[in-house]
Ligand code: SF4
């Protein structure tokens, strides 16, 4: 799932050091999590976060390679940072500039050549070494560390800080799996993040217990291919994601569990049974299908057909009847005909999604898709994308409209748009606003949905238990 460019939150200035760091996250939730863990690691070296790049002794761009022209955007941001750094130098200060994330992994030394203001480059698997890299950069060595090391990055990171966890709110991400072995022909992840690896169950349980003790009530497990999880369990065997979720559901007072992003091929029996058995596992699943055409799915190397996918949706809905789905779609993949595209629309109609992320195909350097002939014209892609989005938005509107008059559990996680309002998320990740006291932030309450706005649902607190009302 792609999120907007996100800036890490300003944290309470409780640390003892005097140096400041500004971290800008691009791309997915895994990058947001990585940025938080970088901040945790840097706090051990005396850094506190600041919300303005211009005020920072250290600026880290935690980059994403998924979007088109990702590297170019990073270079133009680096140009702005060079100006800010020069300004600080004029007034007697300084600024170190670091590039992290997937663009760092993909471009490596090239970044130093094109942007000499950069002091260090660090890939997604080695950011636990940041304090050492920063020290080396001060000696003007400009380190580039894009290894896939054998040491366990997560074991080398400190536990999440309690005060930072509190500031980040009642929902937290925990990366449990990284990398991907699927090699879809449009995707750079297997090249930038490497082969699939999974954290141990013990390490994940310890992190979730700490987050729960600090007030977190919702945990979203993250992985590029999260349901391929195969971490070492306490019994020495390889555990599946379903087994891991069963273990995490026993940690109180966590009340909500989610996971993303999944591949249809890796939805095994234990995971489907977890949806049946665990009330804490939310009835919402992002399950990308990309296309409804078997021919295009084959060229994409997705390793499943549209019928396989629809059968899977049926099995999950049988296990958990109120299950709602979202998906990613790519339109205009090389060779996609009008007939292929119509098959995608038919699949969307068959599933009925509550949200969808759709993109025009654009070649990613180094992927097989970029070398394929038969690229689809931009105007054709644009027309198909508009049709697909109109269909998906209609389904989303219908689903939201259908919530009116029902009661749902909402986890309140922030102040609302207006004074006196608070906001949160439904089990299906819909934004919900109610008039209520801020002391309810961090708790779950039943809300009767009364209206649908442009960006969120509106409701009133209810005494009625949510499950009865959503029958
Ligand atoms: S499953 Fe495919 S799209 Fe997802 S990360 Fe792996 S290669 Fe990329």
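Below is a table of values for the structure above.
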quantity	calculated
Of all residues in the stretch 175-198 being within 19 Å of residue 149 (Cβ to Cβ), touching a helix residue (DSSP H, G or I) at 6+ places or on another chain (Cβ under 6 Å) and buried (at least 20 other Cβ atoms within 10 Å of the Cβ), the one that is modelled with the lowest pLDDT	192
Condition broken by residue 307, with the remaining ones in (1) farther than 23 Å from residue 241 by Cα; (2) away from the ligand (no atom under 16 Å from the Cβ); (3) surrounded by 17 or more Cβ atoms within 10 Å (Cβ to Cβ) satisfied	(3)
Failed criterion for residue 253 (all others in (1) surrounded by fewer than 18 Cβ atoms within 10 Å (Cβ to Cβ); (2) within 16 Å of the ligand (Cβ to nearest atom); (3) within 25 Å of residue 285 (Cα to Cα) hold)	(2)
Options 442, 369: the member that is surrounded by 14 or more Cβ atoms within 10 Å (Cβ to Cβ) and farther than 30 Å from residue 65 by Cβ	442
Subset of the stretch 54-76 (residues that are closer than 14 Å to residue 22 by Cα and either without any contact (Cβ under 8 Å) to a residue 40 or more places away in the chain or part of a loop (DSSP other than H, G, I, E, B) (or both))	54, 55, 56, 57, 59, 62
Any hit, the stretch 278-292, residues being within 16 Å of the ligand (Cβ to nearest atom), under 24 Å from residue 392 (Cα atoms), crowded, with 22+ Cβ neighbours inside 10 Å and without any contact (Cβ under 8 Å) to a residue 24 or more places away in the chain	no
Answer residue from the stretch 190-219, given it is within 16 Å of the ligand (Cβ to nearest atom) and part of a helix (DSSP H, G or I) and is farthest from the chain's Cα centre (by Cα) among those	191
Test: residue in the stretch 367-375 that is modelled with pLDDT under 95 and at positive phi	yes
Residue check, residue 229 in contact (Cβ under 8 Å) with a residue 60 or more places away in the chain, over 21 Å from residue 38 (Cα atoms) and within 14 Å of the ligand (Cβ to nearest atom)	no
Cβ pairs under 7 Å, 6+ apart, first in the stretch 317-328 and surrounded by fewer than 16 Cβ atoms within 10 Å (Cβ to Cβ), second modelled with pLDDT of 95 or more	322/283
Residue in the stretch 333-343 that is surrounded by 22 or more Cβ atoms within 10 Å (Cβ to Cβ), within 16 Å of the ligand (Cβ to nearest atom) and either more than 23 Å from the chain's Cα centre (by Cα) or under 19 Å from residue 369 (Cβ atoms) (or both) present	yes
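The values are calculated or read from the model by the stated rules, or taken from the named source; none is laboratory data. All of these numbers come straight from a predicted model, not from anything done at the bench. Positions of Cβ are backbone-derived with ideal geometry, glycine not excepted, and every protein chain shown enters the neighbour counts.
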